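Below: one structure, written as structure tokens.
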Amino acid sequence: MKNMIFLISALVVGIMLNSCEDFLERNPLDQISDPEFWNTETDLELYINGLYEYFEGYANVGMGGGWTKDCGTDIVLEKVGAYWDTHTKRLDGTLTVPSSGGGWDWTKVREVNHFLENAGRVEDGELLDHYTGEGYFFRAWFYFELLVKFGDLPIITQTVNVDDVEIMYGSRSSRSDVVDFMISDLDSAISKMKYASEVGPARINKDIASLFKARVCLYEGTWEKYHLGTDFAGKTDGTAYLMAAADAATEVIEAGNYSLVTGDTSSTYYNLFNQTDYRKNPEVMLYKHQEYLAYGNQFGNQSQNWPNGYGISHEMTQMYLCTDGLPIALSELFQGDSTLYLVELNRDPRCAQTLMVPGDIIAISQDDTTFFNLPEVFNCPTGYESQKFRLPQYDPESGSPSHDVGYIFFRYAEALLVYAEAKAELGTLNQADVDMTINKLRDRVGMPHLNLGSIASDPNWPDYGHTLPDYLYEIRRERAVELYGEGYRFDDLMRWRAHNLWFGKRFTGTLYTDELKELDPNMFANEEGYLDPFQVILNGPEGGYGFHEDRDYLLPLPINELTLNENLDQNPNW
């Protein structure tokens, strides 16, 4: 009952050949006229399949995948230069108001609205409701992409034409109203869609819609809680959204259609992220199948310098607990970090299954096996290279690198993490909740359980800018460790209003040893001897991120949109 997104181009081509040979000569999908379309269930399938193209993948996120979305945060650093991207500039407070574009794009919403307006015209078909449910899911998905960037948004439920002046030049609705609209769409999706067992492995399903609802509600619940009293606040304190997040996650858990992958505690987590086919994986709910080098895909690359330009931060390596369940500041098992091997020694097995150390396999070809020795610090700015999403085996038929590891969008572990965090934020978390969520994740890697009655206070807990209960620090730690490199961290820091974590600071890498100096003598290190890749661009040894807490939690609207529509207001302090 696993879900997969095959290359959408292949799906669309197959349906085109079966439905209408001259489809490529038709008008664009959002301009299809009555006689040409909306006649059969296959028409709905064809249209909705086209929306799957908008899911993140290596074509529209970048060859770094989730690292691209999280670069510049406390867990992933990028190489300065071409890789100094929008996220890092936003954390540094150096973005400017764009003249146009900037992410304020309603093309996707228009396309899905056109689908929802016309789907009811098809009268016969076993999956009519399901496809319509997918439409509601996609509209919520597209709105969420805009919400995390801009906050307040216009709520548009129809295809906008040139004579729809009131809609075209309307104002923005409160972010709370927008989220309520998204939740309504997701409830419609959940009520209409079937389970994976009924629609096959290539489609969004009821469980996925529930998990996405949980994700949206957790985001908004924590955003409204921690941004309360600021210019970015919603209409509530977030409580109702947090309750909805826990309820939606419960629906996924109790449905029983997915479960964590378990097995060898020393390799199961690593192997979860290097598969080309997840159809039989009980944990992966939705993924994108990648053909060799399709869309410029490099995921699973067998070269050492992949992902080129990204590295695990020193701060991330410090998050992993020791195998006695204690943080490194309190455990006698911690042996320091003078070598890469010592960093992962006696630590949560997810550290060893994420971090590359000497002796780890980089590539297995027909003729040779290549082992990791030292990081390529020119391509990995922190010196901590990742082996998550790596597939060492070359293609057995061609003898060439395979580059075809699947891109995971939804996996069951997220439901457990959402439930635990929502309950913790509500103050209703109990040991039974922890046992069915956090401790399930720890069992997978053989780590000691989290016991609410005996949490060791970590002197190195991150400074999120808020006083948190001990168990919430640990749940946030678990989320960072479990989801590292999957693209969640940037949004997490935004919703937690956690600018204390990075403002005026720089994140670092491994110790700049003599061996690394021989490889590249031009790297920068801080006073403690750790690689300091942002030292120059963040204004020298005393510099740090210049985030503006009263402005940079949201992106600015582009100038041309404000000029065209006087009812649009700019985001705070831009």
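The values are calculated or read from the model by the stated rules, or taken from the named source; none is laboratory data. Note that this is a predicted model, so its numbers are computed, not measured. Here the Cβ positions follow ideal geometry from the backbone for every residue, glycine too, while neighbour counts run over all protein chains shown.
With respect to the conditions (1) at pLDDT 95 or above; (2) surrounded by 18 or more Cβ atoms within 10 Å (Cβ to Cβ), Phe273 lacks only one, and its number is (1). Here segment 304-314 is the region considered, the condition is being surrounded by fewer than 22 Cβ atoms within 10 Å (Cβ to Cβ) and closer than 22 Å to His87 by Cβ, and the residue that is modelled with the lowest pLDDT is Asn305.
How many of the residues making up segment 150-175 are part of a helix (DSSP H, G or I) and either in contact with a Cys (Cβ under 6 Å, 6 or more places away or on another chain) or surrounded by 19 or more Cβ atoms within 10 Å (Cβ to Cβ) (or both)? Looking only at that region, the number is 2. In this structure, Asn567 does not qualify as assigned to a loop (DSSP other than H, G, I, E, B) and either buried (at least 20 other Cβ atoms within 10 Å of the Cβ) or touching a His at 6+ places or on another chain (Cβ under 8 Å) (or both). Scanning segment 395-415 for any residue that is in a loop (DSSP other than H, G, I, E, B), buried (at least 22 other Cβ atoms within 10 Å of the Cβ) and under 16 Å from the mean Cα position of the chain (by Cα) turns up at least one such residue. The numbered conditions (1) under 29 Å from Ala209 (Cβ atoms); (2) modelled with pLDDT of 90 or more; (3) within 20 Å of the chain's Cα centre (by Cα) are all true for Lys440 except (3). The number of residues in segment 91-117 being among the acidic types (Asp, Glu), surrounded by fewer than 16 Cβ atoms within 10 Å (Cβ to Cβ) and in a helix (DSSP H, G or I) comes to 1.
Selection within segment 207-248: residues that are among the polar types (S, T, N, Q) and assigned to a helix (DSSP H, G or I). The member of this set that is farthest from the chain's Cα centre (by Cα) is Thr239.
Is there a residue being basic (Lys, Arg), in contact with a strand residue (DSSP E or B) (Cβ under 7 Å, 6 or more places away or on another chain) and more than 17 Å from Ala246 (Cα to Cα) anywhere in segment 470-479?
Filtering segment 470-479 for residues basic (Lys, Arg) gives 476-477, 479.
With in contact with a strand residue (DSSP E or B) (Cβ under 7 Å, 6 or more places away or on another chain) added as a condition, the list becomes none.
Checking segment 470-479: not a single residue is basic (Lys, Arg), in contact with a strand residue (DSSP E or B) (Cβ under 7 Å, 6 or more places away or on another chain) and more than 17 Å from Ala246 (Cα to Cα).
Can you work out which of the residues in segment 176-206 that are out of contact with any helix residue (DSSP H, G or I) (no Cβ under 9 Å at 6 or more places or on another chain) and in a loop (DSSP other than H, G, I, E, B) is surrounded by the most Cβ atoms within 10 Å (Cβ to Cβ)? Ranking the candidates gives Pro201 first.
Any chance segment 453-463 includes a residue that's among the small types (Gly, Ala, Ser) and within 20 Å of Phe547 (Cβ to Cβ)?
Looking only at segment 453-463, we keep the residues that are among the small types (Gly, Ala, Ser), and these are 453-454, 456-457.
Filter once more, keeping what is within 20 Å of Phe547 (Cβ to Cβ): none.
Among the residues of segment 453-463, not one is among the small types (Gly, Ala, Ser) and within 20 Å of Phe547 (Cβ to Cβ), which makes the answer no.
All told, Ile48 meets the bar of being of a type outside the set (Asp, Glu), over 30 Å from Cys351 (Cα atoms), modelled with pLDDT of 60 or more and crowded, with 21+ Cβ neighbours inside 10 Å.
For segment 119-155, how many residues are under 15 Å from Lys192 (Cα atoms) and acidic (Asp, Glu)?
Looking only at segment 119-155, we keep the residues that are under 15 Å from Lys192 (Cα atoms), and these are 119-120, 125-140.
After this cut, where a residue has to be acidic (Asp, Glu) as well, the list is 126, 129, 134.
Adding up the residues that qualify gives 3.
A search for C-beta distances below 7 Å between a residue of segment 469-488 that is within 23 Å of Gly453 (Cβ to Cβ) and any residue that is among the small types (Gly, Ala, Ser) and in a loop (DSSP other than H, G, I, E, B), counting only pairs 6+ apart in sequence or on different chains, returns Asp470/Ser457.
Among residues of segment 184-212 that are among the hydroxyl-bearing types (Ser, Thr, Tyr), those with a beta-carbon under 7 Å from a residue that is at pLDDT 95 or above and part of a helix (DSSP H, G or I) at least six positions away or on a different chain give the pairs Ser188/Gly133; Ser188/Tyr136; Tyr195/Lys206; Tyr195/Asp207; Ser210/Ile190; Ser210/Ala248; Ser210/Glu251; Ser210/Val252. Number of residues in segment 345-394 that are surrounded by fewer than 19 Cβ atoms within 10 Å (Cβ to Cβ), hydroxyl-bearing (Ser, Thr, Tyr) and not in a loop (DSSP other than H, G, I, E, B): the value is 2. Residues that are in contact (Cβ under 8 Å) with a residue 60 or more places away in the chain and in a helix (DSSP H, G or I) within segment 489-500 comprise Arg489, Phe490, Asp491, Leu493, Met494, Arg495, listed in sequence order. Selection of segment 465-485 for residues being over 27 Å from Phe409 (Cβ atoms) and either modelled with pLDDT under 95 or not small (Gly, Ala, Ser) (or both) yields His466, Thr467, Leu468, Pro469, Asp470, Tyr471, Tyr473.
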